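Following: one structure in structure tokens, then a few remarks.
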Amino acid sequence: MMHILYKEDIDYLNKLLNLPAKGDEQDWDLELSDPARLSEFLGTFKAYQFSLSVRKAFLALIMASYDQLLQYDPDEDDFYWVSIKELLDSEKHEHMALLKYWSLEDSMYYNEDDGFPVTPRIRAYLYQQ
């Protein structure tokens, strides 16, 4: 399962967020992720009423930015993670492809100790309850 991002949504977010996009990004969310702007991204996401497809693209950018942040800041108090979970909670089912990507659940490389910095949090979120 793969999360699909649409060009119209990417173009819209590029303009709204003033992202340094060149237009030829293959992995837009990964290439334009920016952990220094994570608070801004979260605030903007909450401030606007986006369509579902824009929310999916924006959440992909937020998740990639958070993963990058975790490479140098462990977010031990879960400050950012709590905010991200709040975005996910109301429509978790709509973001399953993105969540499965980051959890590596469908990967042939799935291993308890492997993954991205965000993988343990995503796995715990998916399998809570």
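The values are calculated or read from the model by the stated rules, or taken from the named source; none is laboratory data. Since this is a predicted model, take the numbers as computed values, not measurements. Note that each Cβ is placed from the backbone with ideal geometry, even for glycine, and that neighbours are counted across all protein chains shown. Surface areas here come from the heavy atoms of the whole protein model, side chains and all, with no ligands, DNA or RNA. Shrake-Rupley method; radii C 1.70, N 1.55, O 1.52, S 1.80 Å.
Probe radius 1.4 Å, ligands and nucleic acids left out: which of 40, 86, 76 has the largest accessible area, and how do the rest follow?
Details: 40 85, 86 105, 76 155 Å².
Largest accessible area first, the list is 76, 86, 40.
Within the chain, which complete DSSP H helices have Cα atoms spanning at least 24 Å along the helix axis and a mean Kyte-Doolittle hydropathy of 0.5 or higher? All intermediate terms of the calculation are to be shown ahead of the outcome.
Working: long enough: 52-70 (26 Å, 1.03).
Sorted by number, the helices that extend far enough and score high enough are 52-70.
Once Lys and Arg get +1 and Asp and Glu get -1 on their Cβ, which of 20, 10, 38 lies farthest toward the positive end of the dipole of the stretch 1-48? Farthest towards the positive end: 38.
Answer rounded, prolate or oblate for the stretch 1-61, using the Cα gyration tensor with square roots of eigenvalues a ≥ b ≥ c: rounded when a/c is under 1.5, else prolate when a/b is larger than b/c, else oblate. Numbers along the way, then the final one.
Values: a/c = 1.44, a/b = 1.14, b/c = 1.26.
Here the stretch 1-61 falls in the rounded category.
Accessible surface of residue 56, taken over heavy atoms with a 1.4 Å probe and every protein chain present, rounds to 70 Å².
With charges only on Cβ, +1 for K and R and -1 for D and E, what is the dipole size of the stretch 1-104 about its Cα centre, in debye, rounded to 20? Walk me through the intermediate numbers first.
Details: 10 positive and 20 negative charges, 75 e Å.
Charge dipole, the stretch 1-104, about its Cα centre: 360 debye, nearest 20.
For the stretch 14-129, give the percent of accessible area contributed by carbon and sulfur heavy atoms, probe 1.4 Å, rounded to a whole number.
That share works out to 47 percent.
Working value for the stretch 3-103: equivalent-ellipsoid semi-axes of 19, 16, 13 Å, each the square root of 5 times a Cα gyration tensor eigenvalue, largest first.
Rolling a 1.4 Å probe across the protein heavy atoms gives the chain an accessible surface of 58 Å² per residue. Taking all protein chains together and a 1.4 Å probe, the residues 63, 96 rank 96, 63 from largest to smallest accessible area.
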